Every structure is written in structure tokens, then in C-alpha cells.
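Quick notes on the structure that follows.
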Amino acid sequence: MRAKLTAVAFFAGLIAASGQPVSGEPEIRRALPVNTPAPTEMPGWMDRLPAPTPARREVPAATPIPVATPIPMDAATPRPSSPYTPSEQPFRPAPGGEGAQAPQPDESGSIRIAPSSGQIVDQARGQLELANSLYSRKMYDLAIPEYEKFLISSSPAEGRDGALFRLAECHRMLGNTPSARSGYEKLVMEFQKGEFAGAGAYRLGEFLFGEKNYEAANTQFQNAARESKDGEVRLTALYFSARSLDYLKQDKEALDAYKSVLAVPGKNPYRDHALMATADIASRDGDKEAALAAYEDLGKSGKSAMAVEAAVKAAALASDLGQKEKAAALFEKAIDNPDGGDWKSVAVIGLMRLRYQASSYKALVDMAAAADQLPADTRPEALQIIAASHRQLGNNLEARRTYDRILKEFPDSAPSDDARYQRLVSLYALKDKNLSAEVDAFLEKTTNPKERTQALLLKAETLFKQADYAGAGKVYEGLLSRELADDLRADALYKLAWCLANTGDHPAASSVYTEFLQKFPDHKLAATALAQRALSKQESKAFDSAIEDFDLIAEKYPGTKEHELALQQKALIFGQLKKYPEMTQAFEKLLADFPKSAAAAQANFWLGWAAFEQKDYKAAIPKLETARTLDAAQYGERASLRIILSYYYMEDRESVAREAANYKGGNLPAEITLWLASRLVDEGSYAKAEALLLPLASNPAALTPDAWINLGESEIRLGKFQEARGPIDKFLETARDSATRARGLMASAQIHLGMKDPAQAAPVVEEVLLLQPEGRLNAEARILQGDIQLAQGNADAAARSYMTVAVLLDDPAITPRALQKAANAYQRSNNRFEAEKALAQLREKYPDFQKSSKPPKTKS
């Protein structure tokens, strides 16, 4: 029998508790082995298991010990009770003689072919004795087949649990790990009671624990603790059960298990480890007071490394709880402990942190020499604290030098990331000209989210000041997905919106301005953001929403520059929407509230323009003259033209002549000619209008957009579609506002349709409908859309387009024509019911139209 080893000896050097980092304090780790030792020998306590059953008979020396060949079987193959079939069962030699004895008859005179039950039991015992004998002599390779033969031939035999365990142990000793594990699993499946069951459960727990299958390992360790009759064995199993639960983060169950370990009286090698673990769990679960008490208790255990560890952890918790003096005392106690080891350097760093929090910057700067004595793994953080102290004292040059030292000597250390950023701060304070390049280099290396955010802000500001709005916008957008202080988030939001607007993405800019106003309604830039949002909406042609924003500015921020801008832009929107009375009112309000406005020339021009459009030429002239005086470059020619026309319409020949002598904008007779041509177009005299306009077309610079559109539309009406292309294209080149462009596009679509190309005409009409969502031009566009659909053979769709006009517009010049076309289209689609319905509506609302139009032909 080998000398027994205790559980303590078996696990010596393997047991340790792992600490958890305390928030805000240095992360404290204990590098201890997780797995149990490699199974090279059976632990001593397993020798305490019941000894093999003693043999009831001895094998004579003359009789050779039979060595059976094991039958190979895998785990999935059912094991038979015997390797032979009943008919093949051989006779065994009887002990005490050579050869086989003749079979003896039973009481009835019959001769048995198979051995009696007593013989089977004796054979099983002999087989087990043989296997145990080989096992005790460490002849594991020879013991395996004998155990297998015993297990196969004697399923219910006494000692089966021991045989299963020792068979698995043989495989383990020989390094056959899969077979060993399979053996332990078979043992615990067949036997849940007894010391062999406990031993197998412990062995299986070792495998599972090493594989980090802690839940299953815990089950096996608990079984081992329950079945073992040895106190030390139970304690070991209980401790590893607690560790398994600890790894599973089942804190309540782990805590109860550790308390069970602590409750074991007498010599307990796991007491300090369990106490440390309970403190770690309490700290992890937020029960800092309980954790602090446990760490302090453990720290009183002497000068061991564990006591130092406990003191450091207690100090960290005390600091976190605001007990700064106690924390400092505990750190100093750990520093003074000669057995501190690595924990001493952690204590030094902890004390330095406390001093930094207390703003003792001068004392920290004086610790520079002490920092140089720290191990290489903690020295970078000490230098980092010293550099920060220099920066707090305003010594940015020395701070930068210290940061440079960290980056040079410890480039891969954790503090190096912070050092890179803090170095940028020092460079900023020193106004270093290489700051931008340094920021880019920093971003390539750092991984700290907060510092990357700060550096990205620096980069965004740099790009923004350089008017690189596309680049700055991308950086600001990325920053908004990061954690930012409110003031930084507000600044990033506002500047992102500005960048988007300046790169032409006005819908996105409007959305970001909205987010800014929702999150920061009282920000100093709220009025400006509201004005910028309105401008972005205006650029996106969301005019109604833009006007609402401008009205809100007038209500919330009267008398401000944003209010002045709001009145100006509101008036321009009304002008674009052809709401001239509203435009006039807004410009007059602007001049009344802000007489020295920079937009005064623009306001006077449009007021004069509106009066001119209303044929109030006498009122238009002074406004236009003021605009021309205030801003000749912008409004000189434009105002002069309308002044000349105003005098023309007033038949003031002398004034016309005077203005014409100073006019630099073109040939006035051509203007009059164009006006006359326009009148002819309105009257439907397209041939005469074309005759007037064609001579002027040889000098394109002399023709206005109106002349081009009039010429093009006249040629369209005359069926000269190819000739009309040039004038219409010229008109579209200068068309900017929605109404003007829509008119040109209408003409372009008519050309495509006239040239038998309805597919090209269709999308052009769709654009017209978008530009003019209502009104006469919209109705004409819908009629043209129906014509295109009809040309494409879709009479039903054409009819619907025509009928839409009848629903949306009641115009005696347009609506009856649309109804007539609808009736014709319905007839072509063989929808007589809807055709008659359209005709009935036409006869009822526009009876005079039918008298001048032929009714559509109906199909039988």
C-alpha cells in the first residue's frame, strides 16, 4: 500500500481566490491556476477507499496466473455478461491439479455443462483479485483486461464499483484520458452511493473543471463531498464546488458554499482563500461595506502576500466609499509589509491616486524619483500621474516631456494611450503648430473611446475652420454616436447641421437642426439654429414649414438679426409662391422694423416689382429707383428695365427716352417687340407671333426667356415641333423658379409627344406636376399627361388623368376640354358607362361647350 497523501498536500499551491476590479481604482488580478493538476497520480485520500475484497482462496504456486486478453469495446457497444455464448463456454482447470477435472454429476445424476452459481461467484472473486493484484503492483496495462473481464462476466458482483473506479484509474495512469473519463462517467452513472462513487465523481469533476464546464463540475464535487467519509476530502470537494459556482457567477450559491468551507472547524487550509472569495463576491455584488470588513479582517492575518492583497483591496474600497484617510493608511500598511510583492507597487499607485484626487500635485511631482523605482509594469501609470500633476501646475512643457518618456519607454503600456491624448492637450496649451498632424497620428494608435472622442473633436474643429465642411461633417456625425457632454454634443449637432447645409444636403441639415432645438431649446444658438433650419427648409422647397419657422423667430426673438433675416426670407418665399400681397406686406414690415437693413435694396426692388406687376406703375417707379440707388450692381439693370416699362405703359415718352439713354441691358425696341409678340401669343395668333420673334432669334442675347418660350409655344401650336426644340431649350437654360421651369417643361413634353415619342414626354410631365402641384399649369399638365397615356395606348389611364382635372379645377377654359377628352378616352377603352357619365357632367356644367364641339363617336 502506498503512503497516504492528504488532500491538503494534493492541492498545495493550487488554491487561490481571484479578486475583482473596484470601480474607479486600479484593476487587481491574481494570476492563479484555474485547472486542477494533470492526473498523473492518484491523490492520497483515494488510498483511503475500501481495499479490494480479500481472496477466499489462494492460487497454488504451480498454477500459472491466467492473463486474459481484453475484449475491445467502445462506449456505444453493450457489454455482454460473458465473452462466450453458453454453448461455447470452456471448462476452467480446477485449482489444485493439472488439467481439467471431469464434470461432476448433481444430485439428480445430470452432468452440468456450465459452472454452478457458486463457481461463478468464485470465478468473479478470483478475477477481481487478479486485477487488484496487478493494479497494486502498478501493472496498469495488465490490470485493464482483467478488470474488463471481471466487469463483463459479473455485472452484479460485489466490488463492481471498485473495479470500475480502478479500471478508470488504470487508463488515467497510462495517459488514456478519453477511456479514463469514460470509466468515471460509467461509474457515476451506475453508482450514486459509496466512496467509490464519490471518488469517481471527484475525478469526473476534475475533468469538467479543467474544461471550464463549471455547472457539471459543481454537481460532481457536491456528490464527492456527500459520499466521502473523510473530513479533508469533503472540505476539498466543498471548496471546489464553491469555486465552480463562483465561476458560474452564481454569487448567492457560491457565497453559501464558501461559508460552508469557512464553517469547518480546526485546521482549514482553505479558510483564507474562502474568506477572500466571499469578500470578492460582496465587492462584485456592490456590498462594499461587507467586502471592506472582510478584506480588513483578512488583512490582519499577518505579513503574508494574501494579507497585503486584502489590505490593498480594502484600501481601494475605502477610497470608493469616501474614507480617504483609512484608504491611505491601508495603502501605507501594504507598502510597509515586506511580503507585499507585486501588491506593494499597486499600493504605491493607489496612494498616488489618492494624492492626485486630493490635488496634492506638488507632493506628487516630488515622487518622481520614487516612481522610477517601481516595476516596469506599474511605472508608466506613476509617470502618467506625475505628468498630469505638472499639467495641473501649468508646467505644460515638463508635462509634455514626461508624456514623451512614457511613449518612448513604455509604448505598449495601458497608460500610453492616455499619455498620447494628454500630450495633445499639452501641445494645444503650448500652441504647437504641428497639432493637426499629431491628432492624426494619435487617432491611428489610440483605443480609448473618450480620448478618441476628444481628439476627433479637435480634428473636426480644425477641418471646420478650414471650411472643409464635407470632411468636418463626417467627423461630427461620427462623434454624435459617442458619449459626449451636453455642451460638446450641442456644438457637434449645430456644426454638423451647418456642414450638411453647406454641402447641399438641406433635408438632413433641417433634421439635425430640429434635433438640436429639441435637445437644447435654451441654447445661446437656438435662434440662429431656428433661422438656419428655416433656410434649409426653404432650399428644400418646404415653404409652408419654412414660413412657420420664420414666424416663430418673430415671436420668440423680436428685434434680433434672425428676425430681420426671417422677414426678408419670408417675403422671398411669398414671391416665389406668387403670393404678392403677402410678399409686399413682409418687405414693408422689414423696412419698417429694420430701415437700415442690408436687405433694403432687395426689399425696395421687389416692392417695386410687385407694384409693377399690379400695373401700379406710379408706385413702382420710386421703389425701383431706390433699389437701383442702394445696390446698382445687383438691381441696376433689373430696376431700370421695369422703370422704362413703367414709363412706357404710362406713355411718358420723355422719361422712357431718358432712361433708355442710360440703360445698359439691351435693345429696348426688341423689348417692345417681344411684348407685342407675347400679346399675339395670348390671343392665339401664333403665326404672327412667330413672324415677329424669328428675326430676333438670330441674336440670342437680345431675347428674354419669355421671348424664347413664346417662340417655342407658337411653333408647337403650328405643329413645328422640331423647330420648337431650340427656343424651348434656351428657355429652360435660364428657368429657375418652379413656375417658369414648369412652363418650359410643359412645352418640352409637347414637343416629344408631337414627335411621336410619348415615352420621353411622360417623365417630363411628371416633373411639371411636382413643380406645380396645383393651379392652371397643373391642370394643363394633367391633360397633357392624358394625351401621352392615350398615345401609349393606355386609354383607361388617360381617362383618369383627364377626370382628375375635372375634380381639381373648375375653369371654363380648361375643365370642359378635360371632360370631353375623358369621355373620348373612356369610349376608346370601351367603358361606355364612365363615358356617358363624363358627358353628362360636361352638358350639365358647361352646356355652351357642347355646341361648339362634336360629341365622341360611340361604339355599338
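Of Ile643, Ile547, Ile573, Ile621, which residue is touching an Asp or Glu at 6+ places or on another chain (Cβ under 6 Å) and open to solvent by less than 70 Å² (accessible area, probe 1.4 Å)?
Details: Ile547 fails: touching an Asp or Glu at 6+ places or on another chain (Cβ under 6 Å); Ile573 fails: touching an Asp or Glu at 6+ places or on another chain (Cβ under 6 Å); Ile621 fails: touching an Asp or Glu at 6+ places or on another chain (Cβ under 6 Å).
Within the list Ile643, Ile547, Ile573, Ile621, the selection yields Ile643.
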ask   = Does the stretch 306-328 include one or more residues that are in contact with a Phe, Trp or Tyr (Cβ under 8 Å, 6 or more places away or on another chain) and surrounded by fewer than 24 Cβ atoms within 10 Å (Cβ to Cβ)?
value = no
task = Return the residue satisfying two criteria in turn: it lies in the stretch 518-544 and is farther than 27 Å from Lys589 by Cα and part of a helix (DSSP H, G or I), and of such residues it is most open to solvent (accessible area, probe 1.4 Å).
result = Gln518
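Can you report the number of residues in the stretch 741-763 which are polar (S, T, N, Q) and within 46 Å of the chain's Cα centre (by Cα)?
Kept after step one, since they are polar (S, T, N, Q), are these residues of the stretch 741-763: 748, 750, 760.
Next cut, within 46 Å of the chain's Cα centre (by Cα) only: 760.
So the answer is 1.
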note = Checked against (1) more than 24 Å from Ala414 (Cβ to Cβ); (2) of a type outside the set (Val, Ile, Thr); (3) part of a helix (DSSP H, G or I); (4) open to solvent by 20 Å² or more (accessible area, probe 1.4 Å), Gly394 satisfies every condition except (3)
query = Scanning the stretch 282-297 for residues that are crowded, with 23+ Cβ neighbours inside 10 Å and of a type outside the set (Ser, Thr, Tyr), which turns out nearest to the chain's Cα centre (by Cα)?
reply = Ala291
task = Restricting attention to helices (runs of 4 or more DSSP H) lying wholly within the stretch 577-648, give those where 2 or more residues are among the acidic types (Asp, Glu).
result = 580-593
note = Sole miss for Asn434 among (1) at pLDDT 85 or above; (2) open to solvent by 30 Å² or more (accessible area, probe 1.4 Å) is condition (1)
key: Close pairs from the stretch 777-788: first farther than 16 Å from Glu713 by Cα, partner among the polar types (S, T, N, Q) and crowded, with 22+ Cβ neighbours inside 10 Å, Cβ under 6 Å, at least 6 apart   = Arg782/Ser801; Gln785/Ser801; Gly786/Ser801
message = Of everything in the stretch 383-399, what is among the small types (Gly, Ala, Ser) and farther than 12 Å from Ala419 by Cβ? Give them in sequence order.
response = Ser389, Gly394
inquiry  = The conditions are (1) touching a Ser or Thr at 6+ places or on another chain (Cβ under 7 Å); (2) open to solvent by 40 Å² or more (accessible area, probe 1.4 Å); (3) of a type outside the set (Gly, Ala, Ser); (4) not in a helix (DSSP H, G or I), and Asp377 fails exactly one of them. Which is it?
reply    = (1)
message = Return the residues of the stretch 594-611 that are of a type outside the set (S, T, N, Q), open to solvent by less than 70 Å² (accessible area, probe 1.4 Å) and either out of contact with any Leu (no Cβ under 7 Å at 6 or more places or on another chain) or in contact (Cβ under 8 Å) with a residue 60 or more places away in the chain (or both); say none if nothing qualifies.
response = Phe594, Trp606, Leu607, Trp609, Ala610, Ala611
query = Identify, please: which residue in the stretch 172-185 is touching a residue at least 24 places away in the same chain (Cβ under 8 Å), of a type outside the set (Ser, Thr, Tyr) and in a helix (DSSP H, G or I) and is, among those, farthest from Asp141 (Cα to Cα)?
reply = Arg181
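Name the single residue that is farthest from the chain's Cα centre (by Cα) among those in the stretch 699-717 being at pLDDT below 80 and open to solvent by 30 Å² or more (accessible area, probe 1.4 Å). Break it down stepwise before answering.
Let us first name the residues in the stretch 699-717 that are at pLDDT below 80, namely 699-703.
Among the residues that remain, those that are also open to solvent by 30 Å² or more (accessible area, probe 1.4 Å) are: 699-702.
Values: Asn699: 61, Pro700: 58, Ala701: 57, Ala702: 60 Å.
Residue satisfying both the conditions and the ranking: Asn699.
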ask   = Are any of the residues in the stretch 192-208 of a type outside the set (S, T, N, Q), over 20 Å from Gly159 (Cβ atoms) and either open to solvent by 20 Å² or more (accessible area, probe 1.4 Å) or at pLDDT below 90 (or both)?
value = yes
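Specify which of the listed residues (Phe196, Phe191, Phe209) is within 26 Å of Gly126 (Cβ to Cβ), of a type in the set (A, V, I, L, M, F, W, C) and touching a residue at least 60 places away in the same chain (Cβ under 8 Å).
Numbers: Phe191 fails: touching a residue at least 60 places away in the same chain (Cβ under 8 Å); Phe209 fails: within 26 Å of Gly126 (Cβ to Cβ).
Within the list Phe196, Phe191, Phe209, the selection yields Phe196.
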query = Among the residues of the stretch 222-237, is there at least one that is open to solvent by 10 Å² or more (accessible area, probe 1.4 Å), of a type outside the set (Ser, Thr, Tyr), assigned to a helix (DSSP H, G or I) and within 21 Å of Arg172 (Cα to Cα)?
reply = yes
query = Give me the pairs: first residue in the stretch 316-336 and in a loop (DSSP other than H, G, I, E, B), second residue of a type outside the set (Asp, Glu) and open to solvent by 20 Å² or more (accessible area, probe 1.4 Å), beta-carbon distance under 7 Å, and six or more apart or on different chains, which are they?
reply = Leu321/Lys288
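Each row is one residue, and each column tells you yes or no for (1) modelled with pLDDT under 95; (2) touching a Pro at 6+ places or on another chain (Cβ under 7 Å); (3) over 20 Å from Ala224 (Cα atoms).
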| position | (1), (2), (3) |
| --- | --- |
| Ala131 | yes, no, yes |
| Glu148 | yes, yes, yes |
| Ile152 | yes, yes, yes |
| Glu158 | yes, no, yes |
| Gly162 | yes, yes, no |
| Gly175 | yes, no, yes |
| Gly183 | yes, no, no |
task = Output the number of the condition that Phe587 fails; it satisfies all remaining conditions of (1) without any contact (Cβ under 8 Å) to a residue 12 or more places away in the chain; (2) buried (at least 23 other Cβ atoms within 10 Å of the Cβ).
result = (1)
remark   = When restricted to Leu463, Leu427, the only residue open to solvent by less than 70 Å² (accessible area, probe 1.4 Å), more than 18 Å from Ile406 (Cβ to Cβ) and at pLDDT 80 or above is Leu463
task = Tell me which residues, restricted to the stretch 550-570, are open to solvent by 30 Å² or more (accessible area, probe 1.4 Å) and within 39 Å of the chain's Cα centre (by Cα).
result = Asp551, Leu552, Lys556, Tyr557
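The values are calculated or read from the model by the stated rules, or taken from the named source; none is laboratory data. Just so we're clear, the structure is a prediction, and the values are computed from it rather than from any experiment. Note: ideal-geometry Cβ built from the backbone for every residue, glycine included; neighbour counts use all protein chains shown. What goes into the accessible areas is simple: the full protein's heavy atoms, side chains included, and nothing from ligands, DNA or RNA. Shrake-Rupley method; radii C 1.70, N 1.55, O 1.52, S 1.80 Å.
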